Amino acid sequence: MIMADDKDVLRDVWFGRIPACFTLSPEETTEREAEPYYLLLPRVSYLTLVTDKVKKHFLKVMKAEDVEEMWFEYEGTPLKWHYPIGVLFDLHASNTALPWNVTVRFKNFPERDLLHCTSNSVIEAHFMSCIKEADALKHKGQVINDMQKKDHKQLWMGLQNDKFDQFWAMNRKLMEYPTEEGGFRYIPFRIYQTMSDRPFIQKLFRPVSPEGHTLTLGDLLKELFPAAVCAEDEPKRFQVMIHGIEPLLETPIQWLSEHLSHPDNFLHISIIPAPSD
């Protein structure tokens, strides 16, 4: 079954944006008042990759000795830059009013919560290691290992410079599989939840059952997070978000993996408590 124009889905995912308002924490020392800074954040990118302008804006009102590594928090929670921006928003702020209010900090870096990110090469290394891990699950690493260094660079530059066509010209190779297999070897996915101390759930999961049936998002959740799948007559306890939408649980997991994965080739699934209205 071919879904509605799939290229449009890829494009919509890539160009998804979140309006954000960055304000400097009152705990920072400034020479004069810092105006907030507004920015449209690409869902598929990383905070530290797209906030150079934010940094420049706030440095104007600060003394050099008051500036250490920039980091971000939302309502007191430090935001992990190595999670894609869309995941951070869905996990922490999806039922709040826009713009997303993000607090900027330059002091008291939370060592226990965040990884340091001193340059874009740190982001690139993280991104490429995710792609390699995803390809190990999908194709035993054969596709990524057959690529040349410049092909790897093309994936990274596509993300860094927000070039959809440049990225997908190479990424489409990572999305191929032999027709007779009906999908990838395993689906690269991560399930996040705010209510847990575990960073995320990740397990081996095949897109097709041993009997040859196509498995769905609902099948994945039944196995790994059954509380998110409720019976007809039960009130909904959780929202299952991918890129800010709640896909139907009957959607084949293989289709989701090919179309709603982030550029790092993982399907990032956020499970949040359903709003009680």
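The values are calculated or read from the model by the stated rules, or taken from the named source; none is laboratory data. Quick caveat, the model's predicted, so the values are computed rather than measured. Backbone-built Cβ (ideal geometry, glycine too); neighbour counts: all protein chains shown. For the accessible areas, the whole protein counts, side chains as well, though only heavy atoms, and no ligand, DNA or RNA atoms are used. Shrake-Rupley method; radii C 1.70, N 1.55, O 1.52, S 1.80 Å.
Of all residues in region 194-220, those that are touching a residue at least 60 places away in the same chain (Cβ under 8 Å) and among the hydroxyl-bearing types (Ser, Thr, Tyr) total 1. For region 163-217, filtered to residues that are out of contact with any Gly (no Cβ under 8 Å at 6 or more places or on another chain) and in a strand (DSSP E or B), the residue that is nearest to Leu137 (Cα to Cα) is Phe189. Do we have any residue at all in region 53-60 that's closer than 30 Å to Ala169 by Cβ, open to solvent by less than 50 Å² (accessible area, probe 1.4 Å) and among the β-branched types (Val, Ile, Thr)? Scanning region 53-60 turns up no residue that is closer than 30 Å to Ala169 by Cβ, open to solvent by less than 50 Å² (accessible area, probe 1.4 Å) and among the β-branched types (Val, Ile, Thr).
Applying the condition of being among the hydrophobic types (A, V, I, L, M, F, W, C) and not in a loop (DSSP other than H, G, I, E, B) to region 44-72 and asking which residue is nearest to the chain's Cα centre (by Cα) yields Leu47. Across region 93-123, the qualifying residues are those that are surrounded by fewer than 19 Cβ atoms within 10 Å (Cβ to Cβ) and part of a helix (DSSP H, G or I), and the one among them that is modelled with the lowest pLDDT is Asn120.
Among the numbered conditions (1) in a helix (DSSP H, G or I); (2) surrounded by 15 or more Cβ atoms within 10 Å (Cβ to Cβ), the only one that Lys7 does not meet is (2).
Yes or no: Pro207 at pLDDT 90 or above, more than 29 Å from Pro275 (Cα to Cα) and surrounded by 16 or more Cβ atoms within 10 Å (Cβ to Cβ)? Judged against the criteria, Pro207 is a match.
From the list Phe266, Phe189, Phe200, which residue is closer than 25 Å to Arg17 by Cβ and at pLDDT below 90? Exactly one of Phe266, Phe189, Phe200 is closer than 25 Å to Arg17 by Cβ and at pLDDT below 90, namely Phe200. Residues in region 165-175 that are open to solvent by 10 Å² or more (accessible area, probe 1.4 Å) and over 20 Å from Thr251 (Cβ atoms): Asp165, Gln166, Trp168, Ala169, Met170, Arg172, Lys173.
Using the structure shown, decide if Asp90 is within 22 Å of Arg190 (Cα to Cα), of a type outside the set (Ser, Thr, Tyr), crowded, with 19+ Cβ neighbours inside 10 Å and in contact with a Leu (Cβ under 9 Å, 6 or more places away or on another chain). When the stated conditions are applied, Asp90 does not pass them.
Taken together, the residues in region 227-243 that are under 28 Å from His139 (Cα atoms) and open to solvent by 20 Å² or more (accessible area, probe 1.4 Å) amount to 1.
Can you name the residue in region 24-52 that is closer than 21 Å to Tyr83 by Cβ and either out of contact with any helix residue (DSSP H, G or I) (no Cβ under 8 Å at 6 or more places or on another chain) or among the hydroxyl-bearing types (Ser, Thr, Tyr) (or both) and is also surrounded by the most Cβ atoms within 10 Å (Cβ to Cβ) among such residues?
Taking the candidates together, the pick is Tyr46.
For region 73-87, residues that are farther than 17 Å from Lys53 by Cα, open to solvent by less than 30 Å² (accessible area, probe 1.4 Å) and assigned to a loop (DSSP other than H, G, I, E, B) total 3.
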